[in-house]
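The values are calculated or read from the model by the stated rules, or taken from the named source; none is laboratory data. Since the structure is predicted, the reported quantities are computational estimates derived from the model, not experimental observations. Every residue, glycine among them, receives a Cβ derived from its backbone with ideal geometry; neighbour counts consider all protein chains shown. Side chains are part of the model used for accessible areas, which takes the heavy atoms of the whole protein and leaves out ligands, DNA and RNA. Shrake-Rupley method; radii C 1.70, N 1.55, O 1.52, S 1.80 Å.
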Amino acid sequence: MKEISLQTHSRVEMIDITAAVQKAAGEEKIEEGVCLVYTPHTTAAVTINENADPDVPRDILAALDRAVPFSANYRHAEGNSAAHVKSSLVGASEMVIIENGRLVLGTWQSIFFCEFDGPRTRKFIINFLTA
Ligand code: ZN
């Protein structure tokens, strides 16, 4: 298991963590298996989507903002219910296949850490199952 810290810089943000996950697979010398990327936060998430066009993550964040407005008569006193809802909608983890030491991702796919209540110091955890 490998734990990686990162600093987010905006209230909502998607950060490409693909290189860090690939590096961890290399350090653990994983040739065949699967990789779990998980975040232990209730107002963040992990997802896979396009990173070739930076407008895609921008559009995802904007669509989530429209679907889950920041203020909407929520009960949670901390005032960050929108971030909690987005975290559950997007999900805390992704699983990626590793073959010949490489993450099996589509041409346009990247793994993103999603911040929904930043800026904060965050972490994500990577674990491997080998075949
Ligand atoms: Zn809260």
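What to note about this one:
- Only residues that are more than 12 Å from the chain's Cα centre (by Cα) and part of a helix (DSSP H, G or I) were counted in the range 1-19, giving 1.
- Residue that is least open to solvent (accessible area, probe 1.4 Å), among those in the range 89-113 that are farther than 12 Å from THR47 by Cβ and either at pLDDT below 95 or of a type in the set (Val, Ile, Thr) (or both): ILE98
This table checks each residue for (1) within 14 Å of the ligand (Cβ to nearest atom); (2) touching a residue at least 40 places away in the same chain (Cβ under 8 Å); (3) more than 16 Å from the chain's Cα centre (by Cα).
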site: TYR38; (1), (2), (3): no, yes, no
site: THR43; (1), (2), (3): yes, yes, no
site: ALA52; (1), (2), (3): no, yes, yes
site: ASP55; (1), (2), (3): no, no, yes
site: LEU64; (1), (2), (3): no, yes, no
site: ALA77; (1), (2), (3): yes, no, yes
site: ASN80; (1), (2), (3): yes, no, yes
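- Condition check for VAL68: more than 16 Å from the ligand (Cβ to nearest atom), in contact with a helix residue (DSSP H, G or I) (Cβ under 9 Å, 6 or more places away or on another chain) and open to solvent by less than 20 Å² (accessible area, probe 1.4 Å): no
- Screening LYS86 with (1) of a type in the set (Lys, Arg); (2) within 14 Å of the ligand (Cβ to nearest atom); (3) open to solvent by 50 Å² or more (accessible area, probe 1.4 Å) gives one miss only, at (3).
- Of everything in the range 29-43 that is farther than 21 Å from CYS114 by Cα and in contact with a Phe, Trp or Tyr (Cβ under 6 Å, 6 or more places away or on another chain), the residue that is surrounded by the fewest Cβ atoms within 10 Å (Cβ to Cβ) is GLY33.
- Meets criteria (farther than 17 Å from ASN127 by Cα and touching a residue at least 24 places away in the same chain (Cβ under 8 Å)) for SER10: yes
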